[in-house]
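A short write-up of the structure that comes next.
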Amino acid sequence: MVKLKAPGFSKSMLLLGMLFLYLPMVVLIVYSFNSSRLVSVWAGFSTKWYGALFANEQILSAVWMSLRIAFYSASMAVCLGTLCAFVITRFKKMRGRTLLSSMITAPLVMPEVITGLSLLLLFVQMAQLIGWPVDRGMATIWIAHTTFCSAYVAVVVSARLREVDLSIEEAAMDLGCTPLKTFFVITLPVIAPALVSGWLLAFTLSLDDLVIASFVSGPGATTLPMVVFSSVRMGVSPEINALATLIIAAVSVIAFMAWFWMRRAEKRRLRPR
């Protein structure tokens, strides 16, 4: 009976998985330097599409709006998600805790079409009742993205809060710290890596969202995924390849910096004193 060598088999599967995930990105990056407008025909090396990209005001405006919405949504989602996670993990005897946990988990499994439609109906009813929002735009997209991003942040932060040693917080309060000061001095530095991870996750989800933004946006608010989707429907443009290459480069740099910072923070935390 022939036995498979586990290390060799694992490495092969890992290599196949990495190729499956990253080979399409490599092809996209290569063809962003194609001099031909046809993305399926290689006609030589050129960087002209990057120049055309920076001259395209529609794409640049959509990028700037998407970045602002993603930043605001991720920041607000971290605040709301951390509060929800703290309530769920620390107030276990609170009435309605199970209901709150279910409501936080619901956006994770709810189809985006249902979420987008429900938020659209909410904004329409609010406009009829109180006169706001007059027009759907950046503010409505920000509220919608914050709504579903908060659930992801709450899950990430609550997992970290369950690992925190409560005796340290109790010792700080025994020494005279108020609960609020204990949170900022003791708890917050410990869960900081989870907050950064939650913020990056929320930022990515907001930047990548197409379905919900399509429901709650108006004529004057167009995000980057909406521009890319409408452009690809008419045929893939080399400018889109150049834009995707820049996004991949930026995300890779940010992810590496976040990983390096969290790794150093974790080492300092585990270092014997």
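The values are calculated or read from the model by the stated rules, or taken from the named source; none is laboratory data. Note that the structure is predicted; figures quoted are calculated from it, not measured. Glycine also receives a Cβ, built like all others from the backbone with ideal geometry; neighbour counts cover every protein chain displayed.
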When restricted to MET94, MET103, the only residue over 24 Å from TRP199 (Cα atoms) and assigned by TED's automatic domain parsing to the domain that holds LEU201 is MET94
Reported set for segment 140-167 where residues are under 15 Å from GLY198 (Cβ atoms) and either touching a strand residue (DSSP E or B) at 6+ places or on another chain (Cβ under 8 Å) or aromatic (Phe, Trp, Tyr) (or both) is PHE148, TYR152
Taking the conditions exactly as written (part of a loop (DSSP other than H, G, I, E, B) and either exposed (fewer than 13 other Cβ atoms within 10 Å of the Cβ) or not aliphatic (A, V, I, L, M) (or both)), does PRO225 satisfy them or not? no
Selection from segment 161-180 of residues part of a helix (DSSP H, G or I) and either at pLDDT 90 or above or out of contact with any helix residue (DSSP H, G or I) (no Cβ under 8 Å at 6 or more places or on another chain) (or both) yields LEU161, LEU166, SER167, GLU170, ALA171, ASP174, LEU180
Note: among TRP42, TRP64, just one is aromatic (Phe, Trp, Tyr), modelled with pLDDT of 85 or more, out of contact with any helix residue (DSSP H, G or I) (no Cβ under 7 Å at 6 or more places or on another chain) and surrounded by 11 or more Cβ atoms within 10 Å (Cβ to Cβ), namely TRP64
VAL185: passes all of (1) under 15 Å from the mean Cα position of the chain (by Cα); (2) without any contact (Cβ under 8 Å) to a residue 24 or more places away in the chain but (1)
* To do: Please indicate, with yes or no, whether at least one residue in segment 131-142 is of a type in the set (D, E, K, R), surrounded by 13 or more Cβ atoms within 10 Å (Cβ to Cβ) and part of a helix (DSSP H, G or I).
  => no
